[in-house]
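Notes for the one structure printed next.
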Amino acid sequence: MTATSDEAELLARLQSQFGDMNVNEFLNGCPNNNDAIEDDDSESSVEEPTPEELQAWQEAQFAKGRMRLQTKEILDDATTARRRRLRSEKDEDKDWERVPAAPELDRASIFFPRNADGMELAAGVHPMLKKLVDFDPEVLGTKWHCRYSSSGGDGISFRNVIDKIHGYGGSTMLLFAGVPSATRCVEKMKSPKQVSLGFFTFDTWMESEDMFGCDDECFLFALDYESNDVKIFPSRLRGNDSKKGTKKYMYCNPSSGAARSDKTVHGIGAGGSPSLPRLHITESLEECRALSYDALFEDGDLMLGKGIESLYYFDVNEIEIWAVGGDFDEQLAAQAKQKEIELATLERARQIDKRQLLEHIENGFAWKSYNKPGLFGHRDPR
């Protein structure tokens with residue numbers, strides 16, 4: 001069954017569930033004709049709605065908005081759902097044999113060098129990259145597109161990292177390398193050893209002080225260059241269909257955002273909680289932290305024993321971000337469109353209606369509550 005037929009089937013199921021509501025109009029952001037007629041009637045009417053009518057209208061709008069979000073979430077998950085279904089069908093086929101997949105990286109990676117000294121690379125693939133791909137070959141054994149490389153000219157910048165991942169709807173692989181933080185070490189380290197770790201997810205990155213991202217097939221991992229091995233720490237609910245989608249794994253809260261709580265930390269996180277992520281990348285990229293356990297991912301030392309002296313804090317000195325799985329042009333175009341919408345919304349919010357502002361000033365900003373004066377109430381005649 002093709003992707004188009006899958007989507008058509010999914011739309012048909014959604015349409016049957018939502019009754020006479022036009023699912024296509026919700027997905028395209030188009031109001032239905034009935035809403036337009038109701039809006040025209042409300043504008044032409046001289047009678048003010050009663051509080052009961054206003055509350056009923058607000059509840060109806062809220063319900064419609066919630067249905068729209070639920071519908072989009074279901075469709076956004078269609079690609080991952082198709083991949084999981086194909087995997088399930090293959091697992092049930094006894095004659096099916098898994099063929100090793102070779103990833104296609106569109107540029108060199110400092111984490112997986114193609115010309116490793118003294119190492120025989122099968123098909124030009126680094127052994128640790130091969131082990132990483134073997135964990136989920138249906139996705140990781142496809143095309144990789146480099147979005148960010150600190151060693152490739154992008155430098156070390158938290159803001160640039162946010163710019164690359166925010167709003168991207170495809171699968172992403174984040175790789176970080178660094179050394180244990182000297183400022184956190186109990187004793188001075190003679191020769192700090194490099195640590196390399198990362199996070200893979202199917203979910204879209206967004207800015208929020210709350211956890212998000214419900215795909216249970218995300219995972220943390222650590223690269224061990226001494227043994228050319230990869231330690232993978234999958235989510236505890238991976239493969240648990242009865243509880244899938246019940247946990248949130250990702251965190252992205254830059255200080256430039258509108259913070260509402262002092263109980264959260266700034267930066268990028270995976271696992272743990274907003275106040276204590278399992279993997280926490282700070283905005284300064286210094287004193288980041290990689291804990292050995294949390295309630296979302298399987299236990300294990302992400303720093304592979306190299307973070308004990310620094311209390312599991314490390315300073316980042318290399319970053320790579322990869323888009324994985326193909327459809328890059330489509331996903332990048334959607335990300336750019338979303339950024340345009342966000343910038344336009346921000347620009348509109350910054351604009352001021354000078355005539356309305358003048359009227360507000362003349363009227364004391366009209367901020368009068370009962371017998372309390374407005375901003376210029378001291379000038380009002382008594």
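The values are calculated or read from the model by the stated rules, or taken from the named source; none is laboratory data. What you are looking at is a predicted structure, and each value in this text was computed from that prediction instead of being measured. Cβ atoms come from the backbone with ideal geometry, glycine included; neighbour counts cover every protein chain shown. SASA here: full protein model, heavy atoms, side chains in, ligands and nucleic acids out. Shrake-Rupley method; radii C 1.70, N 1.55, O 1.52, S 1.80 Å.
Got a sec? Which of 276, 304 is assigned to a loop (DSSP other than H, G, I, E, B), free of Cβ contacts under 8 Å to residues at least 40 places away in the same chain and open to solvent by 20 Å² or more (accessible area, probe 1.4 Å)? Matching residue, one of 276, 304: 276. Just to be sure, is residue 192 open to solvent by 30 Å² or more (accessible area, probe 1.4 Å) and either basic (Lys, Arg) or in contact with a Pro (Cβ under 7 Å, 6 or more places away or on another chain) (or both)? Yes. Here residue 292 meets the list (1) open to solvent by less than 60 Å² (accessible area, probe 1.4 Å); (2) within 17 Å of residue 192 (Cα to Cα); (3) in a loop (DSSP other than H, G, I, E, B); (4) touching an Asp or Glu at 6+ places or on another chain (Cβ under 9 Å) almost entirely, failing just condition (2). If you go through the range 295-328 and keep only what is charged (D, E, K, R) and either under 17 Å from residue 198 (Cβ atoms) or over 22 Å from the mean Cα position of the chain (by Cα) (or both), you end up with 298, 299, 301, 306, 309, 315, 318, 320.
Pairing residues of the range 231-249 that are hydrophobic (A, V, I, L, M, F, W, C) with residues that are open to solvent by 70 Å² or more (accessible area, probe 1.4 Å) and not in a loop (DSSP other than H, G, I, E, B), at Cβ distances under 8 Å and at least 6 apart in sequence or on separate chains, gives 237/243.
Applying the selection to the range 189-220, what residues are under 17 Å from residue 286 (Cβ atoms) and part of a loop (DSSP other than H, G, I, E, B)? Residues satisfying the conditions are 189, 192, 194. Residue count for the range 129-142 satisfying the condition of being within 20 Å of the chain's Cα centre (by Cα) and either over 18 Å from residue 169 (Cα atoms) or in a strand (DSSP E or B) (or both): 1.
Report, by residue number, each residue of the range 227-238 that is under 20 Å from residue 293 (Cβ atoms) and assigned to a loop (DSSP other than H, G, I, E, B). Answer for the range 227-238, where residues must be under 20 Å from residue 293 (Cβ atoms) and assigned to a loop (DSSP other than H, G, I, E, B): 236, 237, 238.
Of the residues making up the range 307-331, those that are among the acidic types (Asp, Glu) and free of Cβ contacts under 8 Å to residues at least 12 places away in the same chain are 329, 330.
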